[in-house]
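Worksheet for the structure shown next.
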């Protein structure tokens, strides 16, 4: 009798480790630093971050999965200084992956602002008042971007605003509008999340 031996080959797929460019860290210039990696293949809980501050203080956080494909961790910091740096080391388990330098001044993502009011002025324009949720002088270093549109419409207008006046010439009469605000620091293109939407109604223009 001849014996037949069958061999079964198992192919093991390996997931490449993240690199420095995969890790993005932002601080709100108040009390929180948040870091994330975008991948649908990483097992997020396997990774942790050890962050060394230049004044001999160390922070750590473990990554969690946030749908659809983001690994994220965050930690509290007792205040930030524009010129300071952090050294972030990524580990998978106890295995060293890489170290990346994070500069506070280059990684500021402001907290979302809060719209306080939208009031009609004497000449028919709208005065928008918002709180940056920061104190001076940092508050004055933030530029603002407004997004507004008719309620329920998918068409919105986004523009940088250095004043708080929304011209009636850009609005349709007798319509319900929604406005949102977000900010950025020093034109670094890292915008805050949008404020909560604020609704207002235009009147019938003469």
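The values are calculated or read from the model by the stated rules, or taken from the named source; none is laboratory data. Quick caveat, the model's predicted, so the values are computed rather than measured. Cβ placement follows ideal geometry from the backbone for every residue including glycine, while neighbour counts extend to all protein chains displayed.
Would you check if residue 100 is buried (at least 17 other Cβ atoms within 10 Å of the Cβ), assigned by TED's automatic domain parsing to the domain that holds residue 57, within 30 Å of residue 17 (Cβ to Cβ) and modelled with pLDDT of 95 or more?
Yes, satisfied.
Scan the stretch 109-150 for residues that are touching a residue at least 40 places away in the same chain (Cβ under 8 Å), closer than 20 Å to residue 201 by Cβ and surrounded by 13 or more Cβ atoms within 10 Å (Cβ to Cβ) and jot them down.
Passing the criteria: 115, 118, 120, 124, 125, 126, 128, 130, 147.
Is the stretch 111-125 home to any residue that is in contact with a helix residue (DSSP H, G or I) (Cβ under 8 Å, 6 or more places away or on another chain) and in the same structural domain as residue 32 (by TED's automatic domain parsing)?
No, because not a single residue in the stretch 111-125 is in contact with a helix residue (DSSP H, G or I) (Cβ under 8 Å, 6 or more places away or on another chain) and in the same structural domain as residue 32 (by TED's automatic domain parsing).
Going through the stretch 194-206 one residue at a time, which ones are closer than 18 Å to residue 158 by Cβ and surrounded by 13 or more Cβ atoms within 10 Å (Cβ to Cβ)?
The initial filter retains those residues of the stretch 194-206 that are closer than 18 Å to residue 158 by Cβ, namely 194-200.
Selection gives 194, 195, 197, 198, 200.
Quick one: which residue in 81, 77 is under 15 Å from residue 32 (Cα atoms), in the same structural domain as residue 48 (by TED's automatic domain parsing) and exposed (fewer than 13 other Cβ atoms within 10 Å of the Cβ)?
Selected residue: 81, the only one of 81, 77 that is under 15 Å from residue 32 (Cα atoms), in the same structural domain as residue 48 (by TED's automatic domain parsing) and exposed (fewer than 13 other Cβ atoms within 10 Å of the Cβ).
I'd like to know if the stretch 164-182 contains one or more residues that are free of Cβ contacts under 8 Å to residues at least 40 places away in the same chain, outside the structural domain of residue 81 (by TED's automatic domain parsing) and under 30 Å from residue 107 (Cβ atoms).
Within the stretch 164-182, one or more residues are free of Cβ contacts under 8 Å to residues at least 40 places away in the same chain, outside the structural domain of residue 81 (by TED's automatic domain parsing) and under 30 Å from residue 107 (Cβ atoms).
Please state which of the following conditions residue 94 fails to meet, knowing it meets all the rest: (1) in the same structural domain as residue 186 (by TED's automatic domain parsing); (2) without any contact (Cβ under 8 Å) to a residue 60 or more places away in the chain.
For residue 94, the exception is condition (1).
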